[in-house]
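In what follows, a single structure is set out as structure tokens and then discussed.
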Amino acid sequence: MSQLDQNLHTPMVELLLSLADDKLFLGHRNSDWTGIAPILEADIAFSSLAQDDIAHASAFYELIGTVNDKNSDQIAFGRTCNEYRCADIVTKSDNFNWANAIARQLYCNTFDYHRLARLSKSSWSPLSALSKRILAEQTIHVDHISTWIQHLGNGNSDSKARLQEALDTFAPYAVMLFEEPEGLQELHDASILQNDSDFYTDWKSTIDVILNSAGVTCTCEPTNTKGGRSGKHDEDFVRSLAELQEVFSTDPLAAW
Amino acid sequence: MSASANVEVKVGDCSNEDPQKLAAFEEHVANGGLIEPNDWMPEAYRSLMLRMAEHHANSEIVGALPEGEWIVKAPSLLRKLALTAKVQDEVGHGQMLYEVAQDLGKSRNAMLRDLITGVTKYHNCFNYPCPTWADICMIAWLIDGAAILNQGTLAHGSFGPYIRTMRRINMEEAFHFKHGEDMVLTLMSGTDSQKQMAQEAFDRWWEPSIAFFGPNDRPDELERPAMRWRMKTATNDDLRQKFVNRFAPAAMATGLVINVCTKDDQGNVTSATPDPLLKLDEETGHWGFTQPNWEEFFRVIRGNGPCNKDRLALRRFSYEQGEWVRKAILDGTTTPCKN
Amino acid sequence: MLSESRTNVPEAKGELQTQEVQKFPIWEVFTKKKESAVHLHAGSLSAPDSDLAQCFAREHYGQDQPCVNMWVTKRDFLTADSGENEFYELFVQWGAGLRYEHVGEVEACNGVEARDKCKELFCADKKYFTIWSCPNSGITKIDGSTDMIWRETTDQAYRLASGYSKVVRKKWEALRASKAVDDYQSEDLKDTY
């Protein structure tokens, strides 16, 4: 089905914003490592993933634009803080600590993988088609981050300890990725998306397999707290948003 | 981004070489011949090529820092992507050049440690600040533009691994430059505020761009090892003139004014007056121009520029923060390689 | 305002407290631009093992332009004299300054025999500069059609000069005569490699 019912526009935009905002800000934070990562080759590789995420976000902002008739840059750059729908894990400061960067990547990349796999089955064809395309690239991210988890977990006792600490620090933020966008139920009810109770457990299984082979763990519990998907953001997000909008906001209507 | 190589070796360093081998080498190189890693080369050639590759590599990874500052502030999705890719390319260029230098006899680790402790140098222009978005646009147009003129000639040099690396670098440089043009042309057809920001950034970057090619040629430039052994294939002044001939009329066509500027210790422009020498000589086809302030150039290169300390501090911090990672992945290599 | 990653950085002073970490082994990477092309040597990288070598190779040598297939191997294999009885991939550098090119494979007992066979089979009447041989057991082969390297599903024009050429040309022509733009652009570098 290629036409989306008018009264599903709002919940669809909420859903797409949660995905696009997650990817935009994950790419935004990770792109900041370009030039200053621990190993030149790792720097180059990590930057590729950041670019992918920003490019993926772009593609979803464009899709949103076909629904609400807005320009991608205006959507990406032009909202107020409480209008963004990303989970705050994507902007939580990594304090220039590679273990934090890798732990966050693991949680987010695997979440995006499972989310895109589900959206690939949407009955709204523009969404399923785009999600399928992006999913093919998302696989690269999951493989890449697995390699890093192996190497840090199985490196030496120091790297294992640092990785474990990072996994523990970011775990409570990771479960917030599962906060549902507003109106999701309407999309389920209209059969745009399959109702799906296994999303969290599928993600946790994927994480556990990867972490197991590296001798580290993730301890977390799903939660009903309201956060980023409801527009409630923390200081780190506010700071990231200020960076993102710093030049844009000097003239939001100008061409750059 | 490139180095304008003014690293020197004393010609006398060849005195210990077999005269026959040396003569054959020099004839081979003078006739356009190429040198590959297993070929015989005088020690002075090896060490000069190493220093040149090292300086170039250092410049790439230091150059990544000022531009890297603006990645998170890029004002559109396209600019975010393009600037990230550009800085990523520069890290890649550094990586490839360190590999060339390492194969000439100095480990990457030793080179990184010499860089962050101030023993070895990098391109002077990166010691200047980038206070606005327009600075990023001007760097991509002018500095990458200067690098292109320089690197186009380096790709015709004599050392195989270096020139192969230059070909890949130049392909990416072509993207950096086109994107830089796009950004500058966008600003100069934008709002008054954007045009003003662009002019102020241009005032900051015109002089470092013409200084990019290095100090004025010495009278015996063509006989000096870098030219004689075809590591450089064009002189500093030739390239500088070429740059002005290309960019002066282009800048003026966009509405930019080419000023002679004075700067304070922080790199801020304190006065700007149109360059009185900027005229086209119809006979030679060359544009006259005011030379860069060479006294300032040398003052900055010696460590007293606005950003020297910041650049080294960030490079060093990055290196030190990353030590545990390098150690971990090395320690973890106890299982035999799959392939 | 600098991003948080780049603030609060201490001044670079005094002796380095970090130890110098030993060098990683060197790996060589070969890439194929399209199905009908042959593998060409793309460059080298430093990595502690083949998993990371592969990971790095894909993102450094597989993203500058389209790449459908990639081979990664430890440098030592390429010039080794010793070896086992197996198939060896062969690479020839036809002249100084040129990139190694994959010419084919042979069955051989060791590196020396593989390179000798290469001379016989692929270089018989031709001048060549150097030959590399690599045992198949020493190569990681990545097939882009099942294991994506170059991002085929996202538009990469943003990182290529060709992504800007038309639009930039148009913007210049709005300001300058065509001939002036031609002259100016004659200094542009080629955007293929």
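Each value in this text was obtained by applying a stated rule to the coordinates, not by laboratory testing. As the structure is a computational prediction, the values presented were derived from the model and not from experiment. Every residue, glycine among them, receives a Cβ derived from its backbone with ideal geometry; neighbour counts consider all protein chains shown.
Counting Cβ atoms of other protein chains within 10 Å of each Cβ in A:150-163 and taking the mean gives 5.
Count Lys and Arg as plus one, Asp and Glu as minus one, and take only other residues whose Cβ is under 11 Å from that of C:Arg75; the net charge is then -3. The mean count of C-beta atoms from other chains within 10 Å of the C-beta of residues in C:168-177, rounded to a whole number, is 4.
Please give the average number of partner chain Cβ atoms lying within 10 Å of the Cβ of each residue in A:23-32, rounded to a whole number.
Shielding by partners across A:23-32 averages 4.
Once a ≥ b ≥ c are taken as the square roots of the eigenvalues of the Cα gyration tensor of segment C:22-154, is the result rounded (a/c under 1.5), prolate (a/b larger than b/c) or oblate (a/b not larger than b/c)? Since a/c reaches 1.5 and a/b is larger than b/c, the shape of segment C:22-154 is classed as prolate. Ellipticity at 222 nm from helices only: DSSP H runs of n ≥ 4 in chain A, each -39500 (n - 2.57), divided by the residue count, give -21000 deg cm²/dmol. For segment C:22-154, averaging the sequence separation of C-alpha pairs within contact (under 8 Å, six or more residues apart) and dividing by the residue count gives a relative contact order of 28 percent.
For segment C:138-193, applying the loop criterion from DSSP together with a ceiling of 16 other beta carbons within 10 Å to the trypsin sites (Lys or Arg not before Pro) yields C:Lys190. Net charge of the neighbourhood of C:Ser3, taken over other residues with C-beta under 12 Å away and scored Lys/Arg +1, Asp/Glu -1, is -3. Most tightly packed first, judged by the mean number of other beta-carbon atoms within 10 Å of their residues, the peptides A:43-50, B:313-320 read A:43-50, B:313-320. Once you have a ≥ b ≥ c as the square roots of the Cα gyration tensor eigenvalues for segment B:30-180, tell me rounded if a/c is under 1.5, and otherwise prolate or oblate according to whether a/b is larger than b/c. Judged from the Cα gyration tensor, segment B:30-180 comes out prolate (a/c at least 1.5, a/b above b/c).
For a paramagnetic label modelled on A:Thr250 (point 7 Å from Cα along Cα→Cβ), amide N atoms under 14 Å away belong, within segment B:103-146, to B:130-139.
For B:Val257, A:Val238, B:Val100, the sequence from fewest to most other C-beta atoms within 10 Å is A:Val238, B:Val257, B:Val100. Each residue, C:Ser186 and A:Asn156, gets one label point 7 Å from its Cα in the Cβ direction; the gap between the two is 5.9 nm.
Between A:Asp234 and A:Thr217, residue separation times 0.36 nm minus the direct Cα-Cα distance comes to 3.5 nm. Relative protection proxy for A:19-26, B:291-298, from highest mean packing down: A:19-26, B:291-298 (other beta-carbon atoms within 10 angstrom).
For segment A:228-256, backbone nitrogen atoms closer than 13 Å to the point 7 Å from A:Glu83 Cα along Cα-to-C-beta are found at A:249, A:252-253. Restricting segment B:11-105 to chymotrypsin sites (Phe, Trp or Tyr not before Pro) that sit in a DSSP loop and have at most 16 other Cβ atoms within 10 Å of their own Cβ leaves B:Trp40. Taking a straight line from the alpha carbon of A:Lys121, these lysines sit under 25 Å away, with near neighbours fewer than eight places off in the same chain left out: A:Lys23, A:Lys132, A:Lys204. Electrostatic bookkeeping for B:Gly190 treats Lys and Arg as +1 and Asp and Glu as -1; over the other residues with beta carbon under 15 Å from its beta carbon, the sum is -3.
Taking all Cα pairs closer than 8 Å and separated by 6 or more residues, the relative contact order of chain B comes to 20 percent.
For B:Asp238 and B:Gln291, what is the calculated FRET efficiency with R₀ set at 22 Å and r taken between the beta-carbons, to the nearest 0.05? The formula returns an efficiency of 0.90 here. For segment A:39-137, trypsin sites (Lys or Arg not before Pro) meeting the loop criterion (DSSP other than H, G, I, E, B) and having at most 13 other Cβ atoms within 10 Å: A:Lys121. Peptides B:172-184, A:164-176, ordered by how many other C-beta atoms sit within 10 Å of their residues on average, highest first, read B:172-184, A:164-176. Where a ≥ b ≥ c are the square roots of the eigenvalues of the C-alpha gyration tensor, would you call segment B:269-334 rounded, which needs a/c under 1.5, or, failing that, prolate if a/b is larger than b/c, or oblate? Note, shape of segment B:269-334 comes out prolate. Which entries of B:Lys106/B:Lys327; C:Lys166/C:Lys190; B:Lys178/C:Lys166; A:Lys232/B:Lys80; C:Lys119/C:Lys141; B:Lys21/B:Lys232 show an alpha-carbon separation above 18 angstrom in the structure shown? Check vs 18 Å cut-off fails for B:Lys106/B:Lys327; A:Lys232/B:Lys80; C:Lys119/C:Lys141; B:Lys21/B:Lys232.
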